[in-house]
1. Please list 123-132, 83-92 highest first by mean number of surrounding beta-carbon atoms within 10 Å per residue.
2. So, counting K/R as plus one and D/E as minus one, what does the shell of residues with Cβ under 12 Å around Arg191 add up to?
3. Calculate log10 I(q)/I(0) of the range 62-140 for q = 0.26 Å⁻¹, where I(q) comes from the Debye formula with a single equal point scatterer on each Cα and nothing for solvent.
4. Taking K and R as +1 and D and E as -1, what net charge do the other residues with C-beta under 11 Å from the C-beta of Leu84 add up to?
5. Determine, for the range 59-168, the count of lysine pairs separated by eight or more sequence positions (or lying on different chains) whose alpha-carbon distance falls under 19 Å.
6. At 20 °C and 1.002 mPa s, what whole-number value in µm²/s does Stokes-Einstein give for the translational diffusion of the range 191-271, with Rh from the Kirkwood sum over Cα pairs?
7. Run the accessible area of the range 39-145 with a 1.4 Å probe and give the carbon-and-sulfur part as a rounded percent.
8. Each residue of the range 261-274 in turn: what ³J(HN,Hα) in whole Hz from Karplus with 6.51, -1.76, 1.60 and θ = phi - 60°, glycine and Pro shown as x?
Amino acid sequence: MFRIRSAAFVTAGTILVLALSACLPASGPTEPTQTSSAASGLPSAHIHGLTVNGETDQVLLATHDGLFDVTKEPAVKIGATNDLMGFTSGKDQGVYYASGHPGKGSNLPNPLGLVRSTDGGKTWEQLSRQGESDFHALTVSKSGIVAFDGTLRTSPDGKTWTTVAADFSPAVLAGNPTSDTVLATTPDGLRRATDGGATWTLDPSAPVIQFAAFATPTEAVGVQPDGAVHHSADGGATWTPKGRITGEVQAITAAKDSDGKLRIWAATADGILTSTDGGETFRDSDPK
């Protein structure tokens with residue numbers, strides 16, 4: 001099991017505190033503007049989520065300026081321009097959940113509350129907490145939705161909610177629609193729940209992870225604030241160090257290829273990076 005020296009823990013925790021403070025739910029409305037970076041080729045400088053559609057192979061970025069398909073060059077906008085602060089995939093391909101703020105000219109409430117798309121992000125339906133919640137951390141487990149808007153909440157259907165007694169503020173929530181194991185990244189270390197997010201434990205021996213994602217119900221990937229990559233084969237109970245991502249990481253996702261290889265995508269300040277060897281090495285992900 002990976003062990004952390006005290007000095008490294010403090011440094012990583014400090015970086016994560018700064019990253020988390022920049023992502024806490026906003027108290028007022030935002031008005032998305034186009035902030036694409038010519039250097040990175042990404043459609044926005046503010047990336048809040050990353051996923052891959054297993055049926056279409058689309059690599060999708062949820063951003064301050066809406067949802068984009070970055071497998072094309074230039075990136076293709078999908079649906080309306082809304083500030084998607086929280087974003088996660090559902091159990092079925094093309095189903096996504098999101099939260100955040102409406103874009104300029106939108107008639108959606110602010111904040112968005114929880115919204116859902118069943119057509120790959122083209123259109124969104126309002127599920128609950130419109131005008132109340134801006135979920136910056138959002139994931140799906142076998143039991144339903146786990147989300148954080150300043151308060152940790154769970155929902156079996158995205159409509160009715162239960163408040164979870166938690167003494168931490170997650171930077172990222174990571175789950176899998178066919179498992180009740182959920183991970184929460186915090187400055188104090190990795191939190192883990194095995195009941196869909198109802199009860200949590202802190203693992204002091206785990207790496208201080210800033211970004212986490214599940215590739216399967218049991219295989220997870222974690223990235224530390226310094227870019228160090230870790231892999232777990234048991235749902236985040238234990239971790240093995242792998243390679244390192246260069247550049248400022250903003251979001252990650254992971255999946256198993258048809259040949260059984262673990263593939264990882266990372267959105268960084270320099271563009272999209274991909275690993276096809278389980279996180280040992282990363283290369284530029286070229287648009288089709």
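The values are calculated or read from the model by the stated rules, or taken from the named source; none is laboratory data. None of these values were measured; they are calculated from a predicted model. When we count neighbours, we look across all protein chains shown, and the Cβ atoms used for this are built from the backbone with ideal geometry, even at glycine. To get the accessible areas, we keep the full protein, side chains included, count just its heavy atoms, and leave off ligands, DNA and RNA. Shrake-Rupley method; radii C 1.70, N 1.55, O 1.52, S 1.80 Å.
1. With the highest mean Cβ count within 10 Å placed first, the list reads 83-92, 123-132.
2. Working: positive: Arg192; negative: Asp167, Asp188, Asp203.
Around Arg191, the surrounding residues sum to -2.
3. So the normalised log intensities are -1.32.
4. Neighbour charge sum, excluding Leu84 itself: -3.
5. 8
6. On the way: Rh = 13.2 Å.
Result for D is 162 µm²/s.
7. Values: 1770 of 4160 Å².
Exposed carbon and sulfur together represent 43 percent of the surface.
8. Result, rounded to whole Hz: 7, 7, 10, 10, 10, 9, 8, 10, 5, 9, x, 8, 10, 10.
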